[in-house]
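The structure appears below as structure tokens.
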There are 2 protein chains.
Amino acid sequence: MSALKGATVPIYFGSFIVTSQVFHTTPLTFALVNLKPILPGHVLVSPRRVVPRVTDLTPAETSDLFLTVRRVGRMVERVYGATSLNIAIQDGAHAGQSVPHVHAHIIPRKAADLDHVGGTDAVYDLLDGDEGDLGKAFKNSVPTEEGDQSIEVGNGSAANSGRSRFPVVDNDARKPRDEEDMRAEAEMLAREMENEPLD
Amino acid sequence: MSALKGATVPIYFGSFIVTSQVFHTTPLTFALVNLKPILPGHVLVSPRRVVPRVTDLTPAETSDLFLTVRRVGRMVERVYGATSLNIAIQDGAHAGQSVPHVHAHIIPRKAADLDHVGGTDAVYDLLDGDEGDLGKAFKNSVPTEEGDQSIEVGNGSAANSGRSRFPVVDNDARKPRDEEDMRAEAEMLAREMENEPLD
């Protein structure tokens, strides 16, 4: 079941079916809530077509992806009371990509939001630590097209190099959320997107 | 003097004149070599119009910026023999932005390129440490529109929070390069852009 009215076809993030997490779609792009948000409102924006690299996108997909990043970013900044955004793409395994499907992280930021874990730039430690390992998190929690939650995807070896050196943050928000939590947030964000100007 | 044939008007990055560092322009976007590259081929892509936030861009500027990121990223990956790219935007002071002019970092990556400083994800430590503080680096080395190299720009307080906790990397590449070095790289990359397919 989808958080979006009228959505019928399953939406894939890599080999994972994420339909219930999706809160916005265009013909070429979708936006989904995150299984393990680093901060409230941390969402992902991906092309509908499952391709690993930015260079694999067509020009139309590239434009649409980033117009969607801009519009979704403005929405989550408003809804979560933030003042800035981190936007980051790990484009390829050697850049830390763990699910081989282009995705832009959008992370709403506000003053002193990460002071308890080291300051403004601790966001990258979290993004790149075990906490931010999408491949691992999805593998343990989200069905794949084969219906097998334990199937291996992504590029574990590159994605994992260096991850363990960051301190584990003891924070309930780090636990993967259940599907109902994610669906509720996706439904709320889908409604908020209706209030967001097109341009 | 510009690295680009025929360029006549100065190009601004925030309040800094960066014309000699620019290796590619479109009517709405430019790409420049970095004063203190974190890794070889670390470049920046910015809108011609000096605006601080992604949401300040028009849809046409947004599309053009990211089509340029895609094309420049493919070029530096090829020229520097890389296999992946980190693409990152600090969109606002509370996300670590130090020069209040939208800019996407493009950092070519390859296997084991940062193993000597901690692994794949050490790129973010470098990006956010003193080494990656564009505001500080430019302030010390690049003329401003007022012709005063010591003028204060950007948002030092937010940009600096948390920066000092990362280890300083003892590496000659961390030293700001001189203008001739940057111009030579910009001229080489300008030639390479001519070999890069438009789409």
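The values are calculated or read from the model by the stated rules, or taken from the named source; none is laboratory data. Computed from a predicted model, the values in this text were never measured in an experiment. FYI the Cβ positions are ideal-geometry reconstructions off the backbone, even for glycines, and counts take in every protein chain you see. Quick note on the areas: whole protein, heavy atoms, side chains included, nothing else; ligands and nucleic acids left out. Shrake-Rupley method; radii C 1.70, N 1.55, O 1.52, S 1.80 Å.
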May I ask you to list the residues in the stretch B:24-47 that are over 22 Å from A:ASN86 (Cβ atoms), open to solvent by 10 Å² or more (accessible area, probe 1.4 Å) and in contact with an Asp or Glu (Cβ under 8 Å, 6 or more places away or on another chain)?
B:THR26, B:PRO27, B:LEU28
Conditions (1) farther than 22 Å from B:ASN195 by Cα; (2) in contact (Cβ under 8 Å) with a residue 60 or more places away in the chain; (3) more than 7 Å from chain A (Cβ to nearest Cβ) -> B:VAL102 fails only (2)
Matching residues, the stretch B:53-88, being without any contact (Cβ under 8 Å) to a residue 60 or more places away in the chain, more than 9 Å from chain A (Cβ to nearest Cβ) and in a helix (DSSP H, G or I)
B:ASP56, B:ALA60, B:GLU61, B:THR68
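Taking A:ASP91 as the residue in question, decide whether it is at the interface with chain B (Cβ under 10 Å from one of its Cβ atoms), in contact with a Leu (Cβ under 8 Å, 6 or more places away or on another chain) and open to solvent by 10 Å² or more (accessible area, probe 1.4 Å).
no
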When you scan the stretch A:126-140, do you find a residue that is of a type in the set (Phe, Trp, Tyr), at the interface with chain B (Cβ under 9 Å from one of its Cβ atoms) and either over 18 Å from the mean Cα position of the chain (by Cα) or assigned to a helix (DSSP H, G or I) (or both), even just one?
no
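Please find, among B:PRO37, B:PRO59, B:PRO27, the residue that is closer than 30 Å to A:SER98 by Cβ and of a type outside the set (S, T, N, Q). Walk me through how you get there before you give the answer.
Working: B:PRO59 fails: closer than 30 Å to A:SER98 by Cβ; B:PRO27 fails: closer than 30 Å to A:SER98 by Cβ.
Result: B:PRO37 is the single residue among B:PRO37, B:PRO59, B:PRO27 that is closer than 30 Å to A:SER98 by Cβ and of a type outside the set (S, T, N, Q).
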Quick test for you: out of A:GLY118, A:GLY147, A:GLY96, pick the one residue that is at pLDDT 90 or above and either at positive phi or of a type in the set (S, T, N, Q) (or both).
A:GLY96
Members of the stretch A:94-119 found to be of a type in the set (A, V, I, L, M, F, W, C) and open to solvent by less than 10 Å² (accessible area, probe 1.4 Å), listed by number:
A:ALA95, A:VAL99, A:VAL102, A:ALA104, A:ILE106, A:ILE107, A:LEU114
Filter pass, B:ARG53 being under 21 Å from B:ALA184 (Cβ atoms) and open to solvent by 10 Å² or more (accessible area, probe 1.4 Å)
no
Being more than 16 Å from B:ALA95 (Cα to Cα) and among the aromatic types (Phe, Trp, Tyr) is the filter here, so list the residues in the stretch A:29-80 that pass it.
A:PHE30, A:PHE66
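Where residues in the stretch B:175-186 are touching a residue at least 60 places away in the same chain (Cβ under 8 Å) and more than 11 Å from B:GLN21 (Cβ to Cβ), which of them is surrounded by the fewest Cβ atoms within 10 Å (Cβ to Cβ)?
Quick first cut of the stretch B:175-186, residues touching a residue at least 60 places away in the same chain (Cβ under 8 Å) only: B:175-177, B:179, B:182-183, B:185-186.
Remaining after also requiring more than 11 Å from B:GLN21 (Cβ to Cβ): B:175-176.
On the way: B:LYS175: 10, B:PRO176: 16.
Here the residue is B:LYS175.
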Looking at B:PRO59 and the list (1) open to solvent by 10 Å² or more (accessible area, probe 1.4 Å); (2) more than 20 Å from A:ILE106 (Cα to Cα), which single condition is not satisfied?
(2)
Considering every residue within the stretch A:15-29, establish whether at least one is among the hydrophobic types (A, V, I, L, M, F, W, C) and without any contact (Cβ under 8 Å) to a residue 24 or more places away in the chain.
no
